[in-house]
Amino acid sequence: MKPALRIGALVSGGGTNLQAIIDACEAERISGKIVFVGSDNPDAFGLNRAQKHGIPTFVVPYREIIRQSREKRLAWPGDFDLEDCLKKQHVLPKDAPTHRVVQFVVSRAIAESRLLDEMAKYPFDLLVLAGFMRNLTPYFIDRVNTDPLLPAIMNIHPALLPAFPGTDGYGDTFRHGCRVGGCTVHFVDYGEDSGPIIGQRCFPILPEDTLETIKKKGLEQEWILYPECIQAYAEGRLRLERRTHSLDNGRMVERTVVVRE
Ligand code: GRF
């Protein structure tokens, strides 16, 4: 039998997904336990949820750090490689003004080095983003993803990716007049909500639905999907596969996908 999966979690808000994961661990639907919950937001209710279950918590105050970094009052992490980060990141478009991209990756990396310091106190196998509303840079991702064959950061997104990446998946789904909404769990890569897809669930959108009812239906699916995907990881049933496809026009397309065994 595999040892219990040690799960670290990052949250920014209410933490209903975190609660679903905590409950699934306690009910042994996930063969694992949450070893820490971190947040960028001191007021995140998810922190209270964790504390109620005796899970250690910490806060890295991103807003404050970003402000101080803009004012150039903070030093870069000693092991930070700006060129490498700029080359790899694709959260911001490649043609965005250089000073903006530099400001973005530097300020985030400063915050991320503090996250890494906190996380180092609690050894973990998988990091789950449960409504963590911050983009991660290659600086952080490379330090967590130490096994090239199996990524170790998962995210849940409120839309059927690759449609509607970004912060308002259900809003975008609603405004676009979609007939179906859904949620996606994926591994985190260097882009925004662009990593290999692990699982998806969907729900119908009816004419009488509003943004509120869509969010409610979506969250109910998320609470089922996230624990299920984490359990697949805990059981060692996920692996990455690089696939090459040749299109009718002769072009080749390469994609990394998740195979679930
Ligand atoms: C969820 O809709 C999740 O998909 C998105 O942020 C929301 C977090 O909700 N990433 P909660 O904090 O888990 O309640």
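The values are calculated or read from the model by the stated rules, or taken from the named source; none is laboratory data. Everything quoted here is computed from the prediction, not taken from an experiment. Here the Cβ positions follow ideal geometry from the backbone for every residue, glycine too, while neighbour counts run over all protein chains shown. Only protein heavy atoms, including side chains, enter the accessible area calculation; ligands, DNA and RNA are left aside. Shrake-Rupley method; radii C 1.70, N 1.55, O 1.52, S 1.80 Å.
Looking only at region 143-168, count every residue that is over 16 Å from Ala232 (Cβ atoms) and either in contact (Cβ under 8 Å) with a residue 24 or more places away in the chain or aliphatic (A, V, I, L, M) (or both) and tell me the total.
12
For region 1-120, please list each of the strands (runs of 3 or more DSSP E) lying entirely inside it that holds at least 2 residues being closer than 21 Å to Ala152 by Cα and within 17 Å of the chain's Cα centre (by Cα).
5-11, 32-39
In region 20-39, is there at least one residue being closer than 23 Å to Ile110 by Cβ, out of contact with any strand residue (DSSP E or B) (no Cβ under 7 Å at 6 or more places or on another chain) and open to solvent by 10 Å² or more (accessible area, probe 1.4 Å)?
No, region 20-39 has no match at all.
Go through region 203-226 and count every residue that is assigned to a loop (DSSP other than H, G, I, E, B) and either within 13 Å of the ligand (Cβ to nearest atom) or β-branched (Val, Ile, Thr) (or both).
Residues flagged as assigned to a loop (DSSP other than H, G, I, E, B) and either within 13 Å of the ligand (Cβ to nearest atom) or β-branched (Val, Ile, Thr) (or both) within region 203-226 amount to 2.
Please go through region 227-261 and give me each residue that is open to solvent by 30 Å² or more (accessible area, probe 1.4 Å), touching a residue at least 60 places away in the same chain (Cβ under 8 Å) and assigned to a strand (DSSP E or B), ordered by number.
If the condition is that a residue be open to solvent by 30 Å² or more (accessible area, probe 1.4 Å), touching a residue at least 60 places away in the same chain (Cβ under 8 Å) and assigned to a strand (DSSP E or B), then Arg239, Leu240, Thr256, Val257, Arg260 are the ones that fit.
Of all residues in region 166-187, which are open to solvent by 10 Å² or more (accessible area, probe 1.4 Å), more than 11 Å from the ligand (Cβ to nearest atom) and in contact with a Gly (Cβ under 9 Å, 6 or more places away or on another chain)?
Within region 166-187, Asp172, Phe174 qualify.
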